[in-house]
1. Is it the case that region 247-260 has a residue that's over 23 Å from the mean Cα position of the chain (by Cα), closer than 14 Å to LEU2 by Cα, at pLDDT 85 or above and assigned to a loop (DSSP other than H, G, I, E, B)?
2. Just to check your reading of the model, which residue among ALA384, ALA351 is more than 27 Å from ALA245 (Cα to Cα), of a type in the set (Gly, Ala, Ser) and within 21 Å of the chain's Cα centre (by Cα)?
3. Test GLN275 against the stated conditions and say whether it is touching a residue at least 24 places away in the same chain (Cβ under 8 Å), under 30 Å from GLN347 (Cα atoms) and assigned to a helix (DSSP H, G or I).
4. Tell me whether region 17-34 contains one or more residues that are outside the structural domain of THR268 (by TED's automatic domain parsing), at pLDDT below 90 and not β-branched (Val, Ile, Thr).
5. In this structure, is LEU331 surrounded by 16 or more Cβ atoms within 10 Å (Cβ to Cβ) and at pLDDT below 90?
6. List, please: which pairs have Cβ atoms under 6 Å, are six or more places apart or on different chains, and start with a residue in region 86-103 that is closer than 15 Å to THR9 by Cβ and end with one that is loosely packed, with under 14 Cβ neighbours inside 10 Å?
7. Can you tell me which residue is surrounded by the most Cβ atoms within 10 Å (Cβ to Cβ) among those in region 356-407 that are closer than 20 Å to MET191 by Cα and of a type in the set (Phe, Trp, Tyr)?
8. Considering each of LEU190, LEU199, LEU209 in turn, give the residue that is touching a Gly at 6+ places or on another chain (Cβ under 7 Å), in a helix (DSSP H, G or I), of a type in the set (A, V, I, L, M) and outside the structural domain of LEU290 (by TED's automatic domain parsing).
Amino acid sequence: MLPVLLRLTFTTLWTQVLLYAVAVATLASIAYNGWRGAQGTPDGKKGVRPPTSMDRMLRAAAYAALGGMLAYFGLKYALPAEAFPDGRGEGIPIHTYGVLLATGFITAVTVASRLAQDEWRKVFFIEGKGWVDTEGPKKRELVLDMAFWVLVGGLVGSRALFVLVNWQDYARDWTQVFSLGGGLVFYGGLMGAGLAAFLFARKHQLDFLRLADVCIPTVSLGQCLGRLGCFSAGCCWGDVASSHAHWVVHFPGSGLAQDLFGRVAGITSLAYSSQAADTRYVVESTGEVLHHATPDAVRISDWVASHGTTLPVYPTQLFESVGQLVLFITLLYARRFRRFHGQVFAQWLMAYAVLRSTVELFRGDVERGTLHGLLASVGMGGLADAVPLEAWYNISTSQFISLCMFTFGAVLLSRRSPPSVVSSGAGPTPSAA
């Protein structure tokens, strides 16, 4: 586990000056982009009036104000009090989770845009230019433009589902919904991103199912890297395994977790924090979790406190990461054999539902939301007691969504269309003009 790659600190004068210089340069770049991107206003039958100097200055000022607010909070967080008013001096930690999540998103968008260019490729012979693809590059740019809205929709959706699953924690103070604390849920992000992509496709008159066939395999590519980020942060961890199991890991506490240079990071994995507060009991030799003490069982929180790490748990993050990579490669190849638009999309829905439901069987983080937790949160304590945390029928929120998603994919897959309506996307089909 590597929760933090490194932490940039600004305790010396030259590092503080450097950070201020970077902040000013970034702010200037943001303002310049606002100035350069200013648009004119409609001018009746004459079309659009070019932007005036005032238009550019107002847009640049608005961009600079937004950038200034972000810079203020960033400097306040990173710099000590002697270098910035009310500075916290916490530096800038480079979290492995954030790096891998961003890398996964950028990689997925890059591959999706290239696949879109191949999918909609139309090559014409133009005198003086030779064979030119007139449509593919346009679709590539559209997918790149769509990425921003997909990102926003994904973040909103993932946060919304997290709050819904953990509503009992937010019902006491609904303002915490907008706090920076808390987490994100992949299925919520998938639904939010899917809705954003659907609306974008309608606005730009794109066949959504054809677009989904192109983009959905890259979701698995991004999630392959994203789950490695989960592993580095110690979230989405697996259930307690027996002491004799081979495929197990221990997530460390703040005293053992290190950064890229072997220094103690001072950050506790989420798995460790959860087990440190777990008052249940476990039989080490079998991994069986109990709600009552027995001669051969030990309290989970006591075991964790004495060892400085979690009990041995299944690395479910790695299980899903490998599964997502296999799914990406398989569906990328399956695109060659499509019979109708939406077929690859449907196959992904069904395949990922099976993969996720299988991985959920080995998950041990009850914080992700289960039937037991749902019943308890709505005041049905008696029914919640009848559904123990460890019971196989205590399905998680993700398993319920997987069931719905598999059903939707199966219905979509039952659709039949003539093979001739789908282009293979394998390469250009030259034509003359």
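1. The answer is yes, given that some residue of region 247-260 is over 23 Å from the mean Cα position of the chain (by Cα), closer than 14 Å to LEU2 by Cα, at pLDDT 85 or above and assigned to a loop (DSSP other than H, G, I, E, B).
2. Just a single option satisfies the conditions, and that option is ALA351.
3. No.
4. yes
5. No; evaluated as a whole, the condition is false for this residue.
6. Here the result reads GLY87/ALA81; GLY91/LEU8; ILE92/LEU8, each pair linking region 86-103 to a residue that is loosely packed, with under 14 Cβ neighbours inside 10 Å.
7. PHE406
8. Answer to the check: LEU209.
The values are calculated or read from the model by the stated rules, or taken from the named source; none is laboratory data. If you're wondering where the values come from, they're calculated on a predicted model, not measured in any experiment. As a convention, Cβ positions derive from the backbone with ideal geometry for all residues, glycine included, and neighbour counts pool all protein chains shown.
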